[in-house]
Amino acid sequence: MSIENVISRAIVRNFADKLENALRLDVAIVGGGPSALVAARDLSKAGLQVAIFERKLAPGGGTWGGGMLFNEVVVQQDALAILDDFGIGYRPIEDSPGYYTLDSVEMASGLIFGAVRSGAKIFNAVSVEDLVFKNGKINGLVINWTPVERLGMHVDPLTVIAEAVLDGTGHPSELMHLACDKAGIKLSTPTGKILGEKPMWVDSGEASTVENTREYYPGLFACGMSANNVNGGYRMGPIFGGMLMSGRKVAGLIAGKFQK
């Protein structure tokens with residue numbers, strides 16, 4: 001057998017095995033931003049079978065570009081323990097005690113590596129086009145390749161069954177919209193619908209990102225900016241402590257469901 005065939009067969013066989021093992025999960029996460037990556041690591045460490053489905057080629061969400069392509073971001077004191085867990089470095093801001101800056105590329109790559117090293121699987125270039133909804137509960141995802149979605153090709157999807165589904169899609173809250181618009185679900189918000197993200201207010205946005213992280217319907221959770229959008233929180237810009245703490249919080253909530 002030629003080396004060309006060895007390479008191709010190895011890729012096809014190993015990817016097929018990885019995907020087959022992810023067709024039934026404990027937790028399916030959609031979107032590979034910072035809160036989702038923290039959640040994936042923590043859930044995997046707790047012994048759950050976890051996979052992230054990321055539409056783009058590179059996971060990491062909005063972390064890579066820092067603030068307006070200055071590839072630095074800020075975190076506050078409360079989130080440092082999470083950065084330490086991932087081995088990500090940071091530096092104090094001299095004139096602002098309690099706040100730290102770090103390289104956004106190191107942060108994104110460190111979170112990705114930490115999630116994968118913990119046992120979570122990441123499937124990039126995969127889009128979620130629908131939810132599996134049975135017996136009053138969210139039961140999984142309907143997935144397809146992102147290029148198929150973008151080109152509008154008539155290609156049928158595959159399904160992933162999961163006990164818990166986490167919306168980590170950021171500002172659009174895509175899974176929550178699918179739940180409301182297609183399944184007619186009423187979310188656990190004051191109106192039963194998505195309230196929408198408010199303008200920037202850093203202090204409030206950081207707090208509400210964590211506060212709004214929770215289960216919004218049986219089997220359907222939200223974290224990070226998706227949670228803020230669903231429950232009407234404020235935007236906070238390139239400060240990421242709330243995002244990291246949101247991921248840790250939702251992992252605890254989901255893991256607690258499995259322990260009962």
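Could you check the simple spin-label distance between residue 181 and residue 4, using points 7 Å along Cα→Cβ, in nm with one decimal?
About 4.4 nm, to one decimal.
I'd like the Karplus ³J(HN,Hα) series for the range 119-124: coefficients 6.51, -1.76, 1.60, θ = phi - 60°, whole numbers in Hz, and an x wherever there's a Gly or Pro.
x, 5, 9, 10, 10, 8
Roughly how many nanometres apart are two label points built 7 Å out from the Cα toward the Cβ at residue 211 and residue 13?
5.5
Calculate the spin-label point distance for residue 45 paired with residue 253, positioning each point 7 Å from the Cα along the beta-carbon direction, and give it in nanometres.
Label-label distance for residue 253 and residue 45, simple model: 1.9 nm.
Name the long-range amide H neighbours of residue 232: under 5 Å, sequence gap of 5 or more, or other chain; modelled H, no Pro or chain starts.
Amide H neighbours of residue 232: 195, 196.
Spelling out what I want: for every residue of the range 104-117, take phi, set θ = phi - 60°, compute 6.51 cos²θ - 1.76 cosθ + 1.60 (Karplus), and round to whole Hz; glycine and proline get x.
The phi angles translate into 5, 5, 4, 4, 4, 5, x, 5, 4, 4, x, 5, 5, 4 Hz.
Kindly work out what percent of the DSSP beta bridges joining two residues of the range 3-259 are antiparallel, to the nearest 5.
55
Which of 95, 85, 42, 167 has the fewest other C-beta atoms within 10 Å, and how do the rest follow up to the most?
95, 85, 42, 167
Figure the gain on full extension for residue 171 and residue 142 (residue separation times 0.36 nm, minus the Cα-Cα span) and round it to one decimal in nm.
8.4 nm
Name the shape class, rounded, prolate or oblate, that the alpha-carbon gyration tensor gives for the chain, where a ≥ b ≥ c are the square roots of its eigenvalues, rounded holds for a/c under 1.5, and otherwise prolate holds if a/b is larger than b/c and oblate otherwise.
It is oblate, given that a/c is not under 1.5 and a/b is not larger than b/c.
Grab the DSSP H runs of the chain that are 4 residues or longer, score each as -39,500 (n - 2.57), total them, divide by all residues and round the 222 nm result to the nearest 500 deg cm²/dmol.
Estimated from H runs of four or more residues: -12000 deg cm²/dmol.
Every number in this text was worked out from the coordinates using simple rules, so none of it is lab data. Here the structure is a predicted model, which is why all the values come from computation and not from measurement. Ideal geometry is used to build each Cβ from the backbone, glycine not excepted, and the neighbour counts take in all protein chains shown.
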